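Quick notes on the structure that follows.
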Amino acid sequence: MSRSTARTVVAHETLPVRVLLGPGARHRIPEELAGLGARRVLLVSAGSAKSAADELAGALGPRLAARFGRPAVHTPAGVTEEAMEVVRESAADAVVALGGGSAVGLAKALSARTGMPQLAVPTTYAGSEATPVLGETEDGVKTTRRDPALAPGTVVYDPELTLTMPPGLTLTSALNALAHAVEALWAPDANAATDALAAEAAEGVLAALPEVLREPAGLAGRIRLQESAWLAGLCLAQTRTGLHHQLAHALGGAFDLPHAELHALLLPHVLAFNLPWAPGAAARLRRITGGDPVAVVGRLARGHDGPTTLGALGVPRDALRTVAERVADRPYPNPRTPDADSVTRLLEDAW
Ligand code: NAD
């Protein structure tokens, strides 16, 4: 269905952000920070980004106030408290996140507590840098909040920083981005702008991913994948998510599962569940995949050496019904109304 036939009023909000994209964009970070008036920079980096972080630390010279190198998935409150100690001791006035969604999430949490400006340098395709959303975990419970002030004001996408992603992370993280785009296609608040972003993101991921998996060091494919992940992140920021993100949130929080692998394995199952009820999204995805979207995404999702089922990820089978009941009970938009029985069947299939 084309949105031009829509007869309802939708609101569309974009966040003010300055985005730099391109090979070598990371070399512009010191200049960007100077533009923000930053004098004492805290550098938060993932272990995987150590050499890029060392390079940036050298370029910042005396403007580097401190480093924190232990971000963790799902932004645990204890880790944020440790990093806040570093903020206080170093009197940092700006934060740079260099890494995947875990590093970006920690910088958001620090900025939320201090008002510091943030510059995000994502090295995966998770898309958190584009959203005003932060999920934090305390005592095993993940709570999510949304506030425009949480979104980084500057984002630097340097595809050279993604060349180190191993094939499994490349694949699952790209499918994580695809999931943002897919849910935007069937979101009730989708509009012409989000449709354009989502279609381009989905097309980019599906075209570039096989190329990148064949030739991981090929920069052209990496550029397209990263640009698509950026657009997918914008989708996540601008539309309400449905069953896919609810399931990922509920399972990820309850069993402390790896984010990208979980998204990747769930996506074909959620597509199979929803597409018959989402004809507009189904038609777009059939055009983009040139076939059956469930089969195409399913083949991709099974194409890595890591866990590709909920069972292999360590989710106990007898927990599926409880998760399904919890997810079916929550209020969120989804093309097909989920109930405990149908969601249990979906989870059994994914198990
Ligand atoms: P991650 O940041 O935890 O990274 C996964 C692993 O990959 C880590 O070990 C990391 O060091 C490594 N890694 C990252 N980049 C690499 C690279 N270029 N080369 C080699 N290794 C690399 O995982 P993620 O999937 O990027 O992010 C997941 C986190 O982000 C979760 O906490 C999730 O909730 C959050 N997230 C939040 C939003 C939001 O809008 N708030 C959106 C997406 C994800």
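The residue that is nearest to Leu231 (Cα to Cα), among those in segment 195-209 that are touching a residue at least 40 places away in the same chain (Cβ under 8 Å) and open to solvent by 10 Å² or more (accessible area, probe 1.4 Å), is Leu197. For segment 29-52, the criterion of being within 15 Å of the ligand (Cβ to nearest atom), over 15 Å from Leu119 (Cα atoms), within 20 Å of the chain's Cα centre (by Cα) and open to solvent by 20 Å² or more (accessible area, probe 1.4 Å) is satisfied by at least one residue. Can we say Thr322 is polar (S, T, N, Q), closer than 23 Å to Leu213 by Cβ and either surrounded by fewer than 22 Cβ atoms within 10 Å (Cβ to Cβ) or modelled with pLDDT of 95 or more (or both)? No: the conditions fail for Thr322. The number of residues in segment 130-148 that are hydroxyl-bearing (Ser, Thr, Tyr), touching a residue at least 60 places away in the same chain (Cβ under 8 Å) and open to solvent by 70 Å² or more (accessible area, probe 1.4 Å) comes to 1.
Does Val96 qualify as being touching a Pro at 6+ places or on another chain (Cβ under 9 Å), touching a residue at least 60 places away in the same chain (Cβ under 8 Å) and not polar (S, T, N, Q)? Considered against the rule, which asks whether it is touching a Pro at 6+ places or on another chain (Cβ under 9 Å), touching a residue at least 60 places away in the same chain (Cβ under 8 Å) and not polar (S, T, N, Q), Val96 comes out as no.
One line per residue, one yes/no per condition, for (1) part of a helix (DSSP H, G or I); (2) closer than 13 Å to His245 by Cα:
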| site | (1), (2) |
| --- | --- |
| Ala260 | yes, yes |
| Pro276 | yes, no |
| Arg284 | yes, no |
| Ile288 | yes, no |
| Val297 | yes, no |
| Gly306 | no, no |
| Asp318 | yes, no |
| Tyr332 | no, yes |
| Val343 | yes, no |
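Apart from one condition, Asn176 fits all of (1) open to solvent by less than 10 Å² (accessible area, probe 1.4 Å); (2) within 14 Å of the ligand (Cβ to nearest atom); (3) not assigned by TED's automatic domain parsing to the domain that holds Val323; the exception is (3). Pairs linking a residue in segment 211-237 that is of a type in the set (Phe, Trp, Tyr) to a residue that is in a helix (DSSP H, G or I), with Cβ atoms under 7 Å and 6 or more positions apart or on different chains, are Trp230/Ala130. Selection of helices (runs of 4 or more DSSP H) fully inside segment 173-257 by the criterion of at least 1 residues being in contact with a strand residue (DSSP E or B) (Cβ under 9 Å, 6 or more places away or on another chain) and of a type outside the set (Ser, Thr, Tyr) returns 219-238, 243-255.
The values are calculated or read from the model by the stated rules, or taken from the named source; none is laboratory data. Predicted, not measured: the structure shown is a model, and the values here were computed from it. Neighbour counts run over all protein chains shown; Cβ positions are idealised from the backbone, glycine included. Note: accessible area is taken over every heavy atom of the protein model, side chains too, but ligands, DNA and RNA are not part of it. Shrake-Rupley method; radii C 1.70, N 1.55, O 1.52, S 1.80 Å.
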